[in-house]
Structures are given as C-alpha cells and as structure tokens.
Amino acid sequence: MSSPLPAPLLPVLRSRSAFAVVSTMLLALVFVVAGVVVGGSPARAVSYPSWDDVVAAQANESSKQAQISELQGLLDQLQSDAVNAQAEAERLGAAFQAAQDAADQGAAKLAELQAQVDEKNAIADESEKRAGQVSAQLARTGGGDVSTQLVGDGEAAGDLLYRLGAMSKLTEQADGIRQQAVSDRNVAQSLGDQAAVAKEALVGLRDTAQVSMDEAQAAADAATAAVTAQQENESRLQAQLAVLQDTTAQTQQQYEAGVEAERQRVAAEQAARAAEAARQAEELRQQRAAAAAAAAARPAPSAGAPAPAPAAPPASSGGGSGSGSGWVRPSGGGISSGYGYRVNPVSKQWKLHDGVDLAPGCSTPIYAAASGTVNYAGAYGGYGNYVRINHGGGLSTAYGHIVNGGIKVRNGQSVVAGQLIALVGSTGNSTGCHLHFETRVNGASTDPVPFMSARGVSLR
C-alpha cells in the first residue's frame, strides 16, 4: 500500500503549513504525511490506507490479514518514530547545552584574563613611573664628581662618604625598580597574549555552540513532526484496524463518527488558537493606545520645572507586567536561586548557574520578557524544555524547565513583550516547578537581576 512521494514534495511537506494540508487530506480519508528525520537518516515518505482500501480488504480474508499486518506495522512505526525522534532531540539538546557551557566558560576565562591584563598594566605603569622618579632623583643627587670632592676636601670627607653610600643605595634601588617595572610589563604582555588566544578560542566555541543549536533545533522540529504524525494518525489507524477485525456496521459507523469528531476537534483547536492570538493582539493594542493617550494627556513641563518622577517598578510577584521600557517580568514568583556559582542541586557539581530561578507554581504562564524572534525552542540538556529569544542589539533571553507540551511558540516566530510563550514546569535537572530565566549580552550570560532592573523591571 505504500508508495514514495515525489522528491519535490518532500521539502514542502516538512514545513508547518504542510501539516495543515496533510490534516485536511487525512480528514478527507486520504492518509498521507511526510516522514521525519530520525537519527540523521533521510525523510521517509509514508502512505496510509484509505477507507476504500479497508473496505476492499474486508471482502477477502487473505487481503484482510495483509491489511491488518500493515496497519499494525504502521502503528508500531509511528510509536517508534516518535520515541526515536524525541531521544535524538534530547541527545542533541544536551550536546547544545554542553557546547554553550563551554562557550560560557571561555567567555568567563577571557573576562578574567582581561581583568588581570588591566591590573598588571596598571602596576607596570606605576612601576615605570616610580623608576623614572628615582632616576630623576639620582641624577639630581649625583650631579658632581664625588670622588674628586672626597680627595680635595678632607674636612668634608665624612659627609661625602655618607653621600657616596647613599647614592650607591639609591642606584641599587633604582635598578631594582627598573627591573620590577620590566618584569611587570612582561607579565602584562604574557597575560595579554593569553587573552588574545582565549579570545580567538572563544570565537570557535561560540561557532560550535551555534552549530549545535541548529542541529538541536532541527531535531526538536523532527520530534514535533513525529509526535504530530502519531497524534494525527494513530486513532484513525486503530479505528481502521478495529473495522477489519470486526466487520459489523456498528464499528464502521463508530469509525466514521470518530473521524468527524476528530475533524471538529482540530477545527475547534485552530479556532481557539486564532481567538487567543487575536485577544492577545487586541490587549496589546489597547495597552499601547492607553499608554499613548496617557503620554499625550500629560502636560508638558514648564521651563525650569523638574521632570516627572519615573514610574515605580512592577511588583515582584506579577509576571507579564511591564515598566514602560519595553521589558516585562517573565513570570510571577520570587527568586528561589540566584545567578552565580553554586553546587548544582541535582548533579552536585560546582558550576555557574547562568540565570535566576523564579517559582510561581506548576503550569503558570511564562511571558516573553521583550519583543524579539524565537531562535530556539526544544530540549536543552539539564534545563529540559527551553526557549531562547533574540531581542536584537546582542541581547537575548532564555526560559528553561518548561513543562512537557508547554512550549507555545516555534523557532523563527516573532513575539511581543508580555506574550505567552510557555508554561512553567520541572523538566531536565529540576527539583520542582520553576522558571530558569537567563539574560545574555553578545552571547555571554549576565545576572538577570541588575539587567532587568536597569530596564525598570524588578525580579525580587
């Protein structure tokens, strides 16, 4: 019953819009979906039996058994595809996290070396300044010929001998300071060379992390496609199998009723998603209109009058509330773990916690902290289900430990500040429901508390 799809159709069927086409075809009882990439293997085109195929198989016992075997094989394959695709997504997500961790460690090493370079350069500058001062003092002190004065003036011999000894000590001190200045400069240069090597290495580490992210995203998309294929086809295949195993009219009627119910369910979900998107867009439009009206109604300050005080930051418990800066709190709840090095509660390793944890409760909303474009949505090692948003200008935010099935956006999607993007969960290395929230500048993680505070948003 299976036949390969024409090659030009394969990239089309991999797109999101193709799934809508496939769903429509399925509801019309033409069951054709695209295969998914699992473990790096090429996509496999699968043809599913139509109702006419099932009816035809009922008339002949041998055909019926062959059809039953095929249906059972398809069901097994759907389950296997979904499991394998998810395992591959998790494997590559863990590789992405490891690559990102290496890049973060490289950035931290570079920052540490640069701080040491700055410190040693300052010390070398000070040493060279002191050496110059001592040399100038020595030149002033030793302007005459001390030996001649010692021979020609016996009465002043004691004083001259003292001066000669002092000059000798001063010369030794000057030489020591000069040597120290040279040593300090050499250390600064050595550290600068190390920093240059670390900077070059960081470029490679970040390139590797980007490649890993792309691979992990492709695997996450494949896993989503596999689950979608399973959800769209398993109930239908089970119904077809039941028809072949029980030839009563009642089973056929139940099958047809199930197909219609599924069609209505899909249509209702699509309508609900469209209504929610429209509601969010209208709510955002009203918020912006209200802000614009308030700004227009505010009287202009007279000459010399003090500017109005800035609005107070939002309450720490209110997720999605904004500050007028274009940034909002990503979720409710207080901080349960801050940014910085700590003993990981699961792995028990001492490592950087590159974000803050907010604990508003299981399945509570997670909002985009600012407008931008989703550039990752999938598994991310110990952070479980994870979304990263690029806000432009080198700024990005990320959201981890999302509940299974709780990612509400896709890679490449544009989002606005305060838009629902996910639900709080406890996936990955987590001891309870919370949001792991990251802020990054030029790819390097930074403490979200001061970062958000500078944008008028309190996380405390």
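Beta carbons closer than 6 Å, at least 6 apart along the sequence or on distinct chains, pair a first residue in segment 180-196 that is of a type in the set (K, R) with a second that is open to solvent by less than 60 Å² (accessible area, probe 1.4 Å) for R185/A124. Every listed requirement among (1) farther than 13 Å from A370 by Cα; (2) surrounded by fewer than 16 Cβ atoms within 10 Å (Cβ to Cβ) is met by S430 save one, (2).
Mind listing just one residue for me: the one in segment 115-129 that is open to solvent by 80 Å² or more (accessible area, probe 1.4 Å) and under 41 Å from the mean Cα position of the chain (by Cα) and, of those, farthest from V203 (Cα to Cα)? Here the answer is E119.
With respect to (1) modelled with pLDDT of 95 or more; (2) touching a His at 6+ places or on another chain (Cβ under 6 Å); (3) over 29 Å from L110 (Cβ atoms), the lone exception for L423 is condition (2). L420 passes every criterion in (1) out of contact with any Ser or Thr (no Cβ under 7 Å at 6 or more places or on another chain); (2) under 25 Å from Q210 (Cβ atoms) apart from (2).
Restricting to segment 436-460, what's the tally of residues that are modelled with pLDDT under 95 and basic (K, R)? Counting residues in segment 436-460 that are modelled with pLDDT under 95 and basic (K, R) gives 2. With a requirement of 2 or more residues that are touching a helix residue (DSSP H, G or I) at 6+ places or on another chain (Cβ under 7 Å) and modelled with pLDDT of 80 or more, none of the helices (runs of 4 or more DSSP H) lying completely within segment 1-116 satisfies it.
If I filter segment 381-390 for residues that are open to solvent by 20 Å² or more (accessible area, probe 1.4 Å), modelled with pLDDT under 95, of a type outside the set (D, E) and closer than 23 Å to E269 by Cα, do I get at least one hit? Within segment 381-390, not a single residue is open to solvent by 20 Å² or more (accessible area, probe 1.4 Å), modelled with pLDDT under 95, of a type outside the set (D, E) and closer than 23 Å to E269 by Cα. The number of residues in segment 346-358 being hydrophobic (A, V, I, L, M, F, W, C) and open to solvent by 50 Å² or more (accessible area, probe 1.4 Å) comes to 2.
Report yes if some residue within segment 420-428 is in contact with a Gly (Cβ under 8 Å, 6 or more places away or on another chain), under 13 Å from R329 (Cα atoms) and not hydrophobic (A, V, I, L, M, F, W, C); otherwise report no. No: segment 420-428 contains no residue that is in contact with a Gly (Cβ under 8 Å, 6 or more places away or on another chain), under 13 Å from R329 (Cα atoms) and not hydrophobic (A, V, I, L, M, F, W, C). Within the option set N404, N390, being under 20 Å from D214 (Cβ atoms) and not β-branched (V, I, T) holds for one residue only, N390.
With respect to D175, determine if the residue is open to solvent by less than 80 Å² (accessible area, probe 1.4 Å), modelled with pLDDT of 70 or more and either among the small types (G, A, S) or assigned to a helix (DSSP H, G or I) (or both). Lay out the reasoning, then the answer.
On the way: open to solvent by less than 80 Å² (accessible area, probe 1.4 Å): yes; modelled with pLDDT of 70 or more: yes; either among the small types (G, A, S) or assigned to a helix (DSSP H, G or I) (or both): yes.
For D175, the condition - open to solvent by less than 80 Å² (accessible area, probe 1.4 Å), modelled with pLDDT of 70 or more and either among the small types (G, A, S) or assigned to a helix (DSSP H, G or I) (or both) - is met.
Determine the pairs where a residue that is assigned to a helix (DSSP H, G or I), located within segment 204-215, has a partner that is of a type in the set (S, T, N, Q) and crowded, with 18+ Cβ neighbours inside 10 Å with Cβ atoms under 7 Å apart, the partner being 6 or more residues away or on another chain. As it stands, the answer is A209/Q100, since those pairs meet every condition given. Scanning segment 76-114 for residues that are open to solvent by 60 Å² or more (accessible area, probe 1.4 Å), more than 21 Å from the chain's Cα centre (by Cα), over 16 Å from K199 (Cα atoms) and in contact (Cβ under 8 Å) with a residue 40 or more places away in the chain turns up Q79, N84. For segment 209-243, filtered to residues that are hydroxyl-bearing (S, T, Y) and surrounded by fewer than 18 Cβ atoms within 10 Å (Cβ to Cβ), the residue that is modelled with the highest pLDDT is T228. Against the conditions (1) surrounded by fewer than 17 Cβ atoms within 10 Å (Cβ to Cβ); (2) farther than 22 Å from V409 by Cβ; (3) under 34 Å from the mean Cα position of the chain (by Cα), L202 satisfies every one except (1).
The values are calculated or read from the model by the stated rules, or taken from the named source; none is laboratory data. In this text the structure is predicted, and so the values were computed from the model without any measurement. Note: ideal-geometry Cβ built from the backbone for every residue, glycine included; neighbour counts use all protein chains shown. To get the accessible areas, we keep the full protein, side chains included, count just its heavy atoms, and leave off ligands, DNA and RNA. Shrake-Rupley method; radii C 1.70, N 1.55, O 1.52, S 1.80 Å.
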